[in-house]
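Report on the structure given below.
Please treat every number below as a calculation from the coordinates, not as lab data. A quick note: this is a predicted structure, and the numbers were derived from the prediction, not measured. Counting neighbours? That spans all protein chains shown, and the Cβs are built from the backbone with ideal geometry, glycine included.
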């Protein structure tokens, strides 16, 4: 996502006369020339136009370019370009020449391989590399306070690309940055570097380097605070991100579970005969909104909800009795039903509080493709917070009938049919894609689930309904 904020930027023209950094006598011209061929100018086709960002080639063999997630989160096409060299050994910096190369087919196509919204990082694999492109090494650890650093990027507000700025490190530590606006807020709780140089949109994803030309952090210009407090994703987060990607390529389900599990809930729903269990997904932290299936609520206007309990070894407790006993002892979180959408069989529950471990699930931008891998989270009879893997079998408009309380509920909406088996307690649980994004909410009828486009419509209806009293009061 891109924040609609215009930020003035200060940059140094390419090809300065030789300059020495006063503290450590670094030849900045030589450092720039050594590093610039690792830096990429990225354009991404998104709704409403073209997004521009920067990136860094970190693996020449695999053709991996590192950048920010927020700049590419809804991109249809991605193009990556490295500096063009002229006969006099200087580089071309005119943005228009690079933009024109996209339309002529000269720009390099890129494919989004992996992304992690919690670190705001993404990996693009490019189709090919120019001979001049160089791999940039990663620093072994975080930079030190007051260490000299330098950044290379392409601010969107100016016509020159691959600008170079020098700075020093002000602070290094854990931050909880939030970027974006409206309903699309991206939360980035991770280790960050705060530096002194000015940054602007377009610099996003570019490298912050040390005097050895090693990447120590990744530029982060998506937040409001970035205009006056330049922040960067620390190299230790980059290394963790790459380790997760390696694991994901070997076993996608392992990383999907790691990303999603703290967004899933086990719920006890009161019933006049006897309480029953269901699943849900946290979709909004600020309002503590949980999404579930409407039919599992019956006539109940409240639920008792629990997030996964983490064992000392970091694993998740899955014994159903543990959670049932906790609910009986009054340790579950109370939630009130604040919105029902019977035609889509969706409902929103607002919790009274959230545990520190709770994380909102991110909604996919669009419906899944047939044949796409998917993972379903829910609860079985004895074990809770289970995960099953399958594939998307079909996507389209359907008319379903599900049992809900005293009478059946008729649903007419866009659904996703999956290949993995679903049980009654899975109802209301999230179905996610390989990036851990919600693509549907589980139903129990014929392994069909309510599509994410219907989820977005339900959330929009709730927002509109809540705004109506305010509008009438004006």
Quiz item: If you project the alpha carbons of the stretch 77-161 onto the principal axes, what extent comes out on each, in Å, largest first?
Solution: 43, 33, 29
Practice problem: In Å³ and rounded to a whole number, note down the convex hull volume per residue for the Cα atoms of the stretch 186-306. | Solution: 148 Å³
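Can you put 399, 302 in order, fewest other beta carbons within 10 Å first? Walk me through the numbers on the way to the answer.
Details: 399 9, 302 15.
Neighbour counts put them in this order, fewest first: 399, 302.
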Practice problem: Take the alpha-carbon centre of the stretch 30-101, take the same for the stretch 148-212, and report the distance between them in whole Å. | Solution: 16 Å
Self-check item: Estimated distance in nm for a label pair at residue 353 and residue 334, the labels positioned 7 Å out from Cα along Cα-to-Cβ
Solution: 1.2 nm
Practice problem: Based on the mean of other Cβ atoms within 10 Å per residue, sort peptides 421-429, 368-376 so the most packed one is first. | Solution: 421-429, 368-376
Quiz prompt | P(r) of the chain over all Cα-Cα pairs, binned every 20 Å from zero, in whole percent | solution = 24, 48, 24, 4, 0
Practice problem: Sticking with the crude label model, points 7 Å out along Cα→Cβ, report the distance from residue 128 to residue 106 in nm, one decimal please. | Solution: 1.4 nm
Exercise. Residues in the stretch 118-135, backbone N under 13 Å from the label point at residue 251 (7 Å along the Cα-to-beta-carbon vector): list them, ranges by number please.
Key: none
Quiz prompt | In nm, spacing of pseudo-spin labels at residue 321 and residue 34 (7 Å Cα→C-beta vector) | solution = 6.3 nm
Quiz item: Which of the peptides 129-138, 156-165, 86-95, 208-217 is most tightly packed, and how do the rest follow, going by the mean number of other Cβ atoms within 10 Å of each residue?
Solution: 208-217, 156-165, 129-138, 86-95
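Work out the FRET efficiency for residue 456 and residue 174 from their Cβ-Cβ distance, taking R0 = 35 Å, and round it to the nearest 0.05.
Details: r = 32 Å, r/R0 = 0.90.
Given R0 = 35 Å and the Cβ-Cβ separation, E is 0.65.
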Exercise. List 57, 249 from most exposed to least, where exposure is judged by having the fewest other Cβ atoms within 10 Å.
Key: 249, 57
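Sort 221, 67, 28 so that the residue with the fewest other Cβ atoms within 10 Å of its own Cβ comes first and the one with the most comes last.
Numbers: 221 32, 67 29, 28 18.
So the ranking, lowest neighbour count to highest, is 28, 67, 221.
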Quiz item: Taking 0.36 nm per intervening residue step and subtracting the Cα-Cα distance, what contour gain separates residue 302 from residue 27 on full extension?
Solution: 92.4 nm
